[in-house]
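**Student:** First, the structure itself, so that you have it in front of you.
The values are calculated or read from the model by the stated rules, or taken from the named source; none is laboratory data. What you are looking at is a predicted structure, and each value in this text was computed from that prediction instead of being measured. Don't worry about glycine lacking a Cβ; one is built from the backbone with ideal geometry, like all the others, and counts go over all protein chains shown.
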Amino acid sequence: MNQYPYIIAPILGWLVAQSIKFALTLRKDGLQWGDAVQSGGMPSSHSAFMAALSTVIALQQGIGSVAFGIAFSLTAVIVYDAMGVRRTTGQQTEAIKELAKAAKHQLATKVTVSRGHTPAEVTVGGFIGIIIGLAVNAIL
């Protein structure tokens, strides 16, 4: 198992963040299994996944390594996308749905809302990922 920290850390980061998110969003009207894999919400599992991977790479190969540079760059892109593009797209989708409803217009396609993340959700996900990365590195 100690050969796979680069796989174990991000998967554990995602699982821990997604489990916390699931626990925080349990519906009062019963268990919805779709909540277990939902996007958006607290904490960001994307951030936890990438922060765990980047942390393990930094600890095992150093922050000057090519692998860390790539992981760090991908983490920045994913976090930017989660906070910026996906969040904005979700807000625009909600506005389109409201406009269509107000105009009594039936949309031709099913419009689903892409839920992005707030800075707090990304930060908490990042901290979870760092902690998981540190733990995986210490254990393996």
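**Student:** Only one residue in 123, 55 is in a helix (DSSP H, G or I), of a type in the set (Ser, Thr, Tyr) and modelled with pLDDT of 95 or more, so which one is that?
**Tutor:** Only one candidate passes the filter, namely 55.
**Student:** What are the pairs with Cβ atoms under 7 angstrom where one residue, in region 107-128, is within 20 Å of residue 16 (Cβ to Cβ) and the other, located anywhere, is modelled with pLDDT under 70 and of a type in the set (Lys, Arg)? Sequence gap at least six, or different chains.
**Tutor:** 117/87
**Student:** Count, please, the residues in region 26-52 that happen to be surrounded by 14 or more Cβ atoms within 10 Å (Cβ to Cβ) and at pLDDT 65 or above.
**Tutor:** So in region 26-52, the residues surrounded by 14 or more Cβ atoms within 10 Å (Cβ to Cβ) come out as 35, 38-52.
The next check asks that each one be at pLDDT 65 or above; those that pass are 38-52.
Within region 26-52, residues that are surrounded by 14 or more Cβ atoms within 10 Å (Cβ to Cβ) and at pLDDT 65 or above number 15.
**Student:** What are the residue pairs meeting all of these: first residue in region 3-19, first residue under 15 Å from residue 58 (Cα atoms) and aliphatic (A, V, I, L, M), second residue at pLDDT 95 or above and not in a helix (DSSP H, G or I), Cβ atoms under 9 Å, and 6 or more apart or on different chains?
**Tutor:** No pair meets every condition.
**Student:** Right, next: What is the one condition in (1) in contact with a Ser or Thr (Cβ under 6 Å, 6 or more places away or on another chain); (2) modelled with pLDDT of 95 or more that residue 86 does not satisfy?
**Tutor:** Only one criterion is unmet by residue 86, namely (2).
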